[in-house]
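Bear in mind these aren't lab numbers, they're just calculated from the coordinates by the rules spelled out. Nothing here was measured: the structure is a model prediction, and the numbers come from that model. Counting neighbours? That spans all protein chains shown, and the Cβs are built from the backbone with ideal geometry, glycine included.
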Amino acid sequence: MSCIRPASYADIFRIAEIFVTNYRMNFYPFFHNDEYYFDELNVLDTAAEYAEDPGILSSTFVYDSVVIKGFIRLDGTEIKKLFGEPQFQNAGIGAQLLDFAVTEKHADHLWALEYNKRGIAFYRRHGFELTGRKVIEDEWVPLLELALTGTVTE
């Protein structure tokens, strides 16, 4: 029996908690922006984004095994977010969410922070490859595109 299901309104605070925790742990070390990571980025505002935009919630799926241990958010075939609760990382939850997105939702590409070597290595282990495309988001955040092997077009 799969532990992956569509997210519901009741899940938004748990999703927000996982999101904020991961952003602080994984991205703060690169940007050291106290105002953003410890003021602007918070669970209440992140949960409100999910509550106010039905499109975000309807494109989010959670790994729920007694408690929500991770989530993935899609935009068509693009993976927008994939995060696991840090205490449950390396337990295969991210791999199961990624496999679900690829096999059930036909996800085939994503953008990863260039500095996130661990995340890029994770996606590469699961059949994604760097396409060579790079964008700068918000004028200073470098993102690299990864695509599922066999779907890369240059």
Problem - DSSP beta bridges in the chain [antiparallel fraction, %, rounded to 5] - result: 95
Handout entry: Alpha carbon centroid spacing (whole Å) that separates region 24-74 from region 110-132
Key = 20
Practice task
Please tell me the relative contact order of region 34-88 in percent, rounded to the nearest whole number, where contacts are Cα pairs under 8 Å and at least six residues apart.
Solution key: 19
Problem - Tensor-based shape of region 23-94 (alpha-carbon gyration tensor, a/c under 1.5 rounded, otherwise prolate or oblate) - result: oblate
Completion exercise
Taking a ≥ b ≥ c as the square roots of the Cα gyration tensor eigenvalues, with a/c under 1.5 meaning rounded and otherwise prolate when a/b beats b/c or oblate if not, region 108-154 comes out oblate
Exercise for the section: Would you please classify the overall shape of region 1-56 from the alpha carbon gyration tensor, given that a ≥ b ≥ c denote the square roots of the eigenvalues, rounded means a/c under 1.5, and beyond that prolate means a/b larger than b/c while oblate covers the rest? Expected result: oblate
Exercise for the section: Rounded to whole Hz and in sequence order, give me ³J(HN,Hα) for region 58-69 from the Karplus expression 6.51 cos²θ - 1.76 cosθ + 1.60, θ = phi - 60°, writing x for Gly and Pro. Expected result: 6, 9, 10, 10, 10, 9, 10, 10, 6, 10, 6, 10
Handout entry: Fluctuation leader among Val141, Val43, Val62 - the chain, Gaussian network, Cα springs under 10 angstrom
Key = Val141
Completion exercise
In nm, the gap between the two label points placed 7 Å beyond Cα toward Cβ at Phe38 and Tyr115 is 1.6
Completion exercise
Ranked by GNM mean-square fluctuation in the chain (Cα springs under 10 Å), the top entry among Ala91, Ala16, Ala47 is Ala91
Completion exercise
Phi-derived 3J(HN,Hα) across region 117-131 with the Karplus relation (6.51, -1.76, 1.60, θ = phi - 60°), rounded Hz, x for Gly and Pro, is 4, 5, x, 4, 4, 4, 5, 5, 5, 10, x, 9, 9, 5, 8
Fill in the blank from the handout: Listed by chain and number, the residues whose amide H is under 5 Å from that of Ile4, excluding neighbours fewer than 5 places away on the same chain and using placed H, are Asp64
Exercise for the section: Grab the other residues whose beta carbon is less than 14 angstrom from that of Asp39, score K and R as +1, D and E as -1, and report the net. Expected result: -3
Problem - Taking Ser65, Ser59 and counting other C-beta atoms within 10 Å, the order from fewest to most - result: Ser65, Ser59
Exercise for the section: Please give the calculated 222 nm ellipticity per residue for the chain, where each DSSP H segment of at least 4 residues contributes -39500 (n - 2.57) and the sum is spread over every residue; nearest 500 deg cm²/dmol? Expected result: -11500 deg cm²/dmol
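Relative contact order of the chain, please, whole-number percent, based on alpha carbon pairs below 8 angstrom and at least 6 residues apart.
19
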Completion exercise
For the chain, the Cα-Cα pair-distance distribution in 5 Å bins from 0, as whole percents, is 2, 9, 18, 21, 22, 17, 8, 2, 0
